[in-house]
Amino acid sequence: MSAADLYAHLGTGATTVARAWAVVRADGRVFGFTDHDRDLSFEGALFKASSGMTASALLQTTGLGIDNAEAVGALSDASVTEADILAGRFDGASVRVWQVNWADVGARVLQFNGTLGQITRGAGAFHAELRGLTEQINSAQGRVYQTNCGAVLGDGRCRFDLTQPGYFAEMAVVRVEAARVFGFTGFAGFDDRWFERGRLVVLSGAAAGLAGVVKNDRLSDAGRAVELWQALGAAVAPGDLVRIEAGCDRLAASCRLKFHNLLNFRGFPDIPGEDWLTSYPTSAGVNDGGSLP
């Protein structure tokens with residue numbers, strides 16, 4: 001790839017340039033679009049002209065200003081569908097935008113690298129906000145000193161292996177209520193409320209790849225009922241296969257007794273609380289940072 005070749009081409013005054021977008025979703029699927037009238041191919045991706053994609057002018061600034069633009073495209077079964085947008089499959093997808101000489105795709109320059117922001121739809125089209133890499137500066141950074149663990153179960157800080165037997169289950173859904181309560185039968189070997197605060201991942205069906213957080217997990221003679229905090233973006237039908245992972249309340253006791261992972265606990269259970277800061281010396285009671293009576 002040579003940006004110099006593109007700049008030399010632009011200097012001729014008679015140009016054959018187009019714009020190309022590569023969108024990579026969290027599930028790994030790659031979508032290529034171009035506003036040229038023919039498909040383009042480079043960097044292992046096919047950029048389709050039939051997508052009807054256009055974009056506003058890209059605003060780029062020096063320093064820490066946030067690059068931004070908007071992409072507009074047609075909703076179609078072949079590329080971006082309304083069902084996928086509603087399911088959240090494009091949320092936070094990475095985006096790269098090139099200016100390219102369509103007569104010689106080797107002459108191109110990367111103009112934008114970022115993520116998809118807010119996506120709206122209507123009148124058979126979608127509007128997607130493009131957010132530059134400096135958008136991440138707006139998010140909170142650093143570690144919080146708190147009693148509970150600050151890691152996410154199974155991530156690089158927690159290091160717990162959720163593929164161990166006894167900490168996950170793959171079952172077919174027997175019944176669905178209110179789009180977020182799933183019933184199962186023959187779900188033995190796990191205590192009541194074992195999966196609360198855990199994750200449910202859909203493995204098959206229309207909602208395959210989507211995940212939700214478990215709010216309630218109840219075991220009864222009729223079977224097991226797992227309720228999510230909110231409904232998934234696509235419907236789950238009886239017979240669909242799901243994976244449910246054990247939940248963690250981020251307490252030191254649970255880390256030690258339920259997961260046997262206290263060495264990787266990322267909280268501060270003995271840190272003094274705010275009540276302790278305003279307390280006064282006394283010989284009665286225990287000054288362990290807990291709430292005062």
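Bear in mind these aren't lab numbers, they're just calculated from the coordinates by the rules spelled out. Small disclaimer: the values here were computed from a predicted structure and weren't measured. Using ideal geometry, Cβ is built from the backbone for each residue, glycine included, and neighbour counts are taken over all protein chains shown.
The label point for Thr163 and the one for His260, both projected 7 Å from the Cα toward the Cβ, are 1.9 nm apart. Neighbour counts of C-beta atoms inside 10 Å place Trp194, Trp229, Trp98 in the sequence Trp229, Trp194, Trp98, starting with the fewest. Using a cut-off of under 16 Å, list every residue of region 236-264 whose amide N is near the label point 7 Å from the Cα of Ser204 along the Cα-to-beta-carbon line. Taking a point 7 Å out along Cα→Cβ of Ser204, the residues of region 236-264 whose backbone N falls under 16 Å are 236-244. According to the square roots a ≥ b ≥ c of the eigenvalues of the Cα gyration tensor, what is the shape class of region 209-250, taking rounded for a/c under 1.5, prolate for a/b larger than b/c otherwise, and oblate for the remainder? It is oblate, given that a/c is not under 1.5 and a/b is not larger than b/c.
Rounded to whole numbers, the Karplus 3J(HN,Hα) couplings from phi for region 36-50 are 6, 8, 9, 5, 10, 9, 6, 6, x, 10, 9, 9, 8, 7, 7 Hz, using 6.51 cos²θ - 1.76 cosθ + 1.60 with θ = phi - 60°, and x at Gly and Pro. A cut-off of 5 Å between modelled amide H atoms, ignoring neighbours fewer than 5 places along the same chain, links Ala179 with no other residue. Applying D = kT/(6 pi eta Rh) to region 102-248, where Rh is the Kirkwood radius over alpha-carbon pairs, T corresponds to 25 °C and eta to 0.890 mPa s, the Stokes-Einstein value obtained is 132 µm²/s. Across all Cα atoms of region 167-282, the radius of gyration (one decimal) and Dmax (whole number) stand at 18.0, 62 Å.
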